[in-house]
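Trainee: Encoded as structure tokens, here's the structure I'll be asking about.
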Amino acid sequence: MTSIYLLTDFGNDDYYVGAMKGVIRSICPSANILTISNGVRKFNVKHGAFLLWQAIKWIEEGSIVLGVVDPGVGTARDPIIIRANSFTFVGPDNGLFWPAIEELGDYEVYKIDLISTGLYKRRTGTFDGRDVFAPIAAYIACGKSLDELGFPKRSIEIIDLWKVDIKEGYLRGEVMNVDRFGNIVTNIKWDALRAERARIKVKNVIAQGYMAKNYSGKGVLMLKGSTGLLEISLARGSAANYFEADIGDPISLEVIK
Amino acid sequence: MTSIYLLTDFGNDDYYVGAMKGVIRSICPSANILTISNGVRKFNVKHGAFLLWQAIKWIEEGSIVLGVVDPGVGTARDPIIIRANSFTFVGPDNGLFWPAIEELGDYEVYKIDLISTGLYKRRTGTFDGRDVFAPIAAYIACGKSLDELGFPKRSIEIIDLWKVDIKEGYLRGEVMNVDRFGNIVTNIKWDALRAERARIKVKNVIAQGYMAKNYSGKGVLMLKGSTGLLEISLARGSAANYFEADIGDPISLEVIK
Amino acid sequence: MTSIYLLTDFGNDDYYVGAMKGVIRSICPSANILTISNGVRKFNVKHGAFLLWQAIKWIEEGSIVLGVVDPGVGTARDPIIIRANSFTFVGPDNGLFWPAIEELGDYEVYKIDLISTGLYKRRTGTFDGRDVFAPIAAYIACGKSLDELGFPKRSIEIIDLWKVDIKEGYLRGEVMNVDRFGNIVTNIKWDALRAERARIKVKNVIAQGYMAKNYSGKGVLMLKGSTGLLEISLARGSAANYFEADIGDPISLEVIK
């Protein structure tokens, strides 16, 4: 029972995710379908890439990730399959998988062959998640080799999540996620921060933060988040609301000695 | 492992869906429970019927659809089972299943026998999804025949999704869904539109739309959506916000030559 | 195939739930993962406890409940396992499981042994759901005994959901949930209300309610909800909006003769 993990910006209210599950089970009834998130910000490939990077360390070996955050559906971007270690990724070639792949190490890329697989017949042009990617994920879950489904491709699109500016006493990065608790998850590695206190700035809001080991302190907290990144949290409140912070915002920290 | 697909207006936050899953697994542990959507607009049977019509073409043969959009729970509407082709539908007799059934062709309807099944003992009157429909779906998934669960019924309630007014150069229909991307999904078949440009009106907002093959164009787009219907889309924006459109609104198009 | 039912305040948009599922399947691939709700109000242990109390009567025997509503993560509260009848509960010792346990009768409590299980090595301090509770639930699903995972503990934290004030002609309780339909679910047992009419007060809004058997009546309805509690409903509308009611609000009823 291979697991297929969904990662999409489709939400859970429309028929889109149900249709993809139905297509998978029509082709490979034994596949086990799970979800990382269908709540990726719409059209935000970088947000999807970040959620996948967070999740990939925790999903079981041998799994398939069916990732569909695909603002370019119907345009020239390639449909691809990537194998990295024991994991397989199926989706559009737009950088969505790159941060996870980079973490896993060696990888091979295949461009999906729409002709030989016959999938060109299913393709409507507006929903490759259902027409192309779900069938491919199902074929792989039920044992088809990547050579039967596509042909090797040299390069892939990448997204670099780790653009930060780190100097003595100053760090500048980006808000990668704002979670349901209002925690601000940054792209700054925790180990880069070596300070008990810092002046934190997100857009136009500035506040002093204190290093903490968990969410139980007082005021604005600087924490090592669950994936090793610097997180800004407000004890029992929402740091995101406090800083009016959203995904993509720049965030900077000035160490206070 | 028969699949039971849920379609409800219960949302995912309350205990309702969890209780239905528990009831199913108590009766038929081998059933595979999946979800089309629990995000049907509350009490909106037509919206549920439309989502099901969209999904039914994609879910695997032999599946059971457990549909609970049931504003009339506790009143006189019948609890029913419908078999159409290899699919089985379980839920209230209020038209929810009709558009999907109509698409599938021949069908048989059974009224659930609350007495002989003993389900009258479970019934609280406010949650037939848990007390009646989930058990019936589970019994069917584990092999009971429809004759054991109910008796033939002649007629069912129908909902006609396809009321449109189409003349030379003019089309008028209804907004059937507004998806997470802000796409306006109409009940007008794509093939009915034969124009490169049209003046689109939703309630009081009017704008010119251009035919497009995917979501990558500019301005207001007229597209063939993933289920063959006319969709109105705003490139990288929300057509629903732009037109202040919501489910049930009338939409008209005047062809520009 | 033991079922593991999730109950969290993580929402479905972040990577948290996906990571927990991945950890479970890495340890116990045969576990069947289901969800009661990931929509518990954030940090609201009482709300989680109430949803679990509602659900527990309906999930199949032998199931494991993985409950993570854990504002005290990283602090001194114990990680625990509770066995009650055939059910097993895994999560923080903060009262989350108490109302369900109390309903089930006899129970045994174990404190998870982080040393002997080796889980102290995984622990980051900000995500015990992934680092401690998911692995424990998976070990139990795949057959480990509680003695291998922890040691008996005498007492547990409790949450009393049933604090009500009931006099002749007067009832006072608390809003336990506001569901997607705007129904106000109270902690007052239905049988305590013996009146056709009552003056209902939630915070500062007062209205007259009428006893009803289902949601199809007119005006403000007093109903026996699906778990035997008094529910206030507004026919085809939202009682919660009408009364501006939210979880935790006091609610009182004065019987009208």
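Trainee: Which is part of a loop (DSSP other than H, G, I, E, B) and at pLDDT 95 or above, of B:Ile59, B:Ile80, B:Ile36? So that I can check it myself, show each step before the final result.
Mentor: Numbers: B:Ile80 fails: part of a loop (DSSP other than H, G, I, E, B); B:Ile36 fails: part of a loop (DSSP other than H, G, I, E, B).
After applying the criteria, what remains is B:Ile59.
Trainee: Here's a follow-up. Report whether or not A:Phe87 is modelled with pLDDT of 95 or more, aromatic (Phe, Trp, Tyr) and surrounded by fewer than 24 Cβ atoms within 10 Å (Cβ to Cβ).
Mentor: yes
Trainee: Out of all the residues in the range C:179-213, which are touching a Leu at 6+ places or on another chain (Cβ under 7 Å) and polar (S, T, N, Q)?
Mentor: Matches in the range C:179-213: C:Thr186, C:Asn187.
Trainee: For A:Lys111, state whether it is touching a Gly at 6+ places or on another chain (Cβ under 7 Å), at pLDDT 95 or above and either assigned by TED's automatic domain parsing to the domain that holds A:Phe87 or not aromatic (Phe, Trp, Tyr) (or both).
Mentor: Criteria met by A:Lys111.
Trainee: Do you know which of the residues in the range C:110-130 that are away from chain A (no Cβ under 14 Å) and among the polar types (S, T, N, Q) is nearest to C:Asp9 (Cα to Cα)?
Mentor: Taking the candidates together, the pick is C:Thr117.
Trainee: Also, quick follow-up: Out of (1) modelled with pLDDT of 95 or more; (2) in contact with a helix residue (DSSP H, G or I) (Cβ under 8 Å, 6 or more places away or on another chain), the odd one out for B:Arg172 is which?
Mentor: (2)
Trainee: Can you tell me which residues in the range B:1-48 are closer than 22 Å to A:Val23 by Cβ and touching a His at 6+ places or on another chain (Cβ under 8 Å)?
Mentor: Listed by number, the list holds a single entry, B:Val40.
Condition check ((1) charged (D, E, K, R); (2) outside the structural domain of B:Gly217 (by TED's automatic domain parsing); (3) touching a Gly at 6+ places or on another chain (Cβ under 9 Å)) across all residues:
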| residue | (1), (2), (3) |
| --- | --- |
| B:Ala141 | no, yes, no |
| B:Tyr170 | no, no, no |
| B:Gly173 | no, no, no |
| B:Ile184 | no, no, no |
| B:Ala195 | no, no, yes |
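Trainee: Sort out which residues of the range C:180-212 are among the charged types (D, E, K, R) and within 14 Å of C:Asp249 (Cα to Cα), and write them in order of number.
Mentor: Listed by number, the residues that qualify are C:Lys201, C:Lys203.
Results for (1) more than 12 Å from chain A (Cβ to nearest Cβ); (2) under 24 Å from A:Arg123 (Cα atoms); (3) in contact with a Pro (Cβ under 7 Å, 6 or more places away or on another chain); (4) buried (at least 16 other Cβ atoms within 10 Å of the Cβ), shown as yes or no for each residue.
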{"site": "B:Ala207", "(1), (2), (3), (4)": "yes, no, no, yes"}
{"site": "B:Lys213", "(1), (2), (3), (4)": "no, yes, no, no"}
{"site": "B:Leu223", "(1), (2), (3), (4)": "no, yes, no, yes"}
{"site": "B:Leu229", "(1), (2), (3), (4)": "no, yes, no, yes"}
{"site": "B:Tyr242", "(1), (2), (3), (4)": "yes, no, no, yes"}
{"site": "B:Ile256", "(1), (2), (3), (4)": "yes, no, no, no"}
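Trainee: A follow-up question, please. On the given criteria, is B:Val23 among the β-branched types (Val, Ile, Thr) and within 8 Å of another protein chain (Cβ to nearest Cβ)?
Mentor: Taking the combined requirement at face value, the residue satisfies it.
Trainee: Among the strands (runs of 3 or more DSSP E) confined wholly to the range B:99-193, which include 3 or more residues that are of a type in the set (A, V, I, L, M)?
Mentor: Of the strands (runs of 3 or more DSSP E) lying wholly inside the range B:99-193, those with at least 3 residues that are of a type in the set (A, V, I, L, M) span B:170-178, B:184-189.
Trainee: Can you list the strands (runs of 3 or more DSSP E) lying wholly within the range B:218-257 that have 3 or more residues being farther than 23 Å from B:Ala55 by Cα?
Mentor: On the way: elements: B:220-224, B:229-234, B:250-256.
By residue number, B:250-256.
Trainee: So B:Leu34 fits all but one of (1) within 12 Å of chain C (Cβ to nearest Cβ); (2) within 12 Å of the chain's Cα centre (by Cα); what number is the exception?
Mentor: Failed condition: (2).
Trainee: Just checking, which of C:Gly67, C:Gly22 is in the same structural domain as C:Tyr120 (by TED's automatic domain parsing) and part of a helix (DSSP H, G or I)?
Mentor: Among C:Gly67, C:Gly22, only C:Gly22 is in the same structural domain as C:Tyr120 (by TED's automatic domain parsing) and part of a helix (DSSP H, G or I).
Trainee: OK, next. Taking into account only those residues within the range B:39-55 that are at the interface with another protein chain (Cβ under 7 Å from one of its Cβ atoms) and surrounded by fewer than 24 Cβ atoms within 10 Å (Cβ to Cβ), which is nearest to the chain's Cα centre (by Cα)?
Mentor: Among them, the one singled out is B:Gly39.
Trainee: Among the basic types (Lys, Arg), surrounded by fewer than 19 Cβ atoms within 10 Å (Cβ to Cβ), more than 16 Å from A:Asp93 (Cβ to Cβ) and modelled with pLDDT under 95: does that describe A:Lys189?
Mentor: no
The values are calculated or read from the model by the stated rules, or taken from the named source; none is laboratory data. The model shown is predicted, which means the values in this text are computed figures rather than measured ones. Glycine gets a Cβ as well: all are built from the backbone with ideal geometry, and neighbour counts include every protein chain shown.
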